[in-house]
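Shown next, in structure tokens, is the structure this report addresses.
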Amino acid sequence: MLISTVALAGGVHVQHGGPQPLAEHAVFDLRVGLNGTLQSDGQIRPDLCAEVSPFRRLGFEACGNGSGVLLPHDGPDMAHFRLRAAPLVHASGNVDGRVMVGAGFTEVQRSADRPGFRFGEADPAQVEAAGPEVSVGAKGRLWVTPASHIVLDVVAGTAFIPGAPAVMGWSSPVVPFFSLSTGMGF
């Protein structure tokens, strides 16, 4: 068992275990996984997420399947852009776990995305719509070196997208969603 001593303002903190994260540095995660909605199509789609956390308990995340950008074809997508905070953090050795809360917006699209975001009601010819979202989740990180980690992230939330029925054919503008992703970070 590795035991190290780290001098902190106001005292000394003893750490046990394997590699420890670098103190108070920005963290970047890149994850892949699945994203789904509890709407009439019930499809689960691939998901790619990038999250940067410039502060220990606060970060910004963008997730989507990359349709038309990363994927060679245009198709249905649900993209999330949110600010995430960790009100509860528990760290032990080289593992940390977090309860995450988020707020931001979600965009849904049925085919090729157009630049910008369309909030509010949608007409039948519109291919995308956006609206506010809130989410809760859990994130776990295993630090494999002081500067890199493996991450697992689970998120559930709800978006309110007034244009979703016209754009996606869904029965309601209330769009519950969930996602599971894993990846690496530094």
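Scanning region 143-178 for residues that are outside any helix (DSSP H, G or I), out of contact with any His (no Cβ under 6 Å at 6 or more places or on another chain), touching a residue at least 40 places away in the same chain (Cβ under 8 Å) and not polar (S, T, N, Q) yields a count of 19.
Looking across region 160-179, the residues that are of a type in the set (Gly, Ala, Ser) and either exposed (fewer than 14 other Cβ atoms within 10 Å of the Cβ) or in contact with a Pro (Cβ under 7 Å, 6 or more places away or on another chain) (or both) come down to ALA164, ALA166, GLY169, SER171, SER172.
If the condition is being assigned to a loop (DSSP other than H, G, I, E, B), surrounded by 15 or more Cβ atoms within 10 Å (Cβ to Cβ) and within 21 Å of the chain's Cα centre (by Cα), then region 72-102 contributes only PRO76.
Taking region 103-159 as the range and being crowded, with 16+ Cβ neighbours inside 10 Å, acidic (Asp, Glu) and within 20 Å of SER172 (Cβ to Cβ) as the test, the residues that pass are GLU107, GLU128, GLU133.
Every number here is computed from the coordinates shown, using simple stated rules; none is lab data. Quick caveat, the model's predicted, so the values are computed rather than measured. Backbone-built Cβ (ideal geometry, glycine too); neighbour counts: all protein chains shown.
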